[in-house]
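Let me begin by presenting the structure, written as structure tokens, before commenting on it.
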Amino acid sequence: MLVVDGLVLQVTRKAIKNMYLRIKPPQGDIVVSAPLRMTDGQIERFARERRSWILAQQQRIREARQRLADTAADGASHGGEPAGFIHDAASWWTPERRNRAASAIDARLPALVEHWSAVIDKRPTHITLRAMTTRWGSCTPRTGRIRLNLQLGLLPPQYLEYVLVHEMTHLWTNGHGAEFQRRMTQYLPDWRRLRRELNRYTTG
């Protein structure tokens, strides 16, 4: 751990060539991955050069956490939607919120699956809803199983469709390389815009 002008850096040295810096939610921790032979002085200079960026990212995380706290305090009956991933899922996901989110997804999902199965020419074998904390969806191509973040039921409906198409595209190809991007552009030409918009709901 290094302290640089009041900034606390969590430093991990690894067998890598370049240094990486990220601000980790939900507390805004400053995490540095540095090459094994890099000195503390070099790491300190690296952090000082990026001080403005670090502070801006920490502020963004604090604002997202505050919006999330305001939503939780306001209550689902007011129609509020979470501003980021629900990290403390056990306390935030009340039975009423779970039911509301699941009902919203269940109302849209069958028609979406039918439509996109015809377009993509692949059909998931099973779709489950989960209160995920770090991703909007996941897919196991080998089994055809898809998992969707329950939180999508509390967001505008176009994001449920985007995530479903994203995961169904993985039934054709692993990873997010050229083939994946080609297919996504074919299926949803504006998928990059939807991804950017959806990522605004995340805290990291």
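The values are calculated or read from the model by the stated rules, or taken from the named source; none is laboratory data. Predicted model, so just to flag it, every value in this text is computed and none were measured. Neighbour counts run over all protein chains shown; Cβ positions are idealised from the backbone, glycine included.
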**Prompt:** Residue check: is GLU179 buried (at least 18 other Cβ atoms within 10 Å of the Cβ) and charged (D, E, K, R)?
**Reply:** no
**Request:** Could you grab me the full set of residues in segment 160-175 that are free of Cβ contacts under 8 Å to residues at least 40 places away in the same chain and under 15 Å from the mean Cα position of the chain (by Cα)?
**Result:** TYR162, VAL163, HIS166
**Asked** Out of all the residues in segment 46-54, is one or more exposed (fewer than 14 other Cβ atoms within 10 Å of the Cβ) and under 20 Å from THR133 (Cα atoms)?
**Response** no
**Prompt:** Are there any pairs, at least 6 apart or on different chains, whose C-beta atoms fall under 7 Å, with the first in segment 115-132 and under 23 Å from ASN99 (Cβ atoms) and the second part of a strand (DSSP E or B) and of a type in the set (Gly, Ala, Ser), and if so, which?
**Reply:** none
**Among residues of segment 1-40, those that are at pLDDT below 90, over 26 Å from the mean Cα position of the chain (by Cα) and β-branched (Val, Ile, Thr), counted** = 0
**Asked** If you check SER103 against the conditions, is it surrounded by fewer than 12 Cβ atoms within 10 Å (Cβ to Cβ), more than 29 Å from GLN58 (Cβ to Cβ), among the hydroxyl-bearing types (Ser, Thr, Tyr) and in contact (Cβ under 8 Å) with a residue 24 or more places away in the chain?
**Response** yes
**Prompt:** Looking at segment 154-193, which of its residues are in contact with a Phe, Trp or Tyr (Cβ under 9 Å, 6 or more places away or on another chain) and within 23 Å of ILE61 (Cβ to Cβ)?
**Reply:** LEU155, TYR159, VAL163
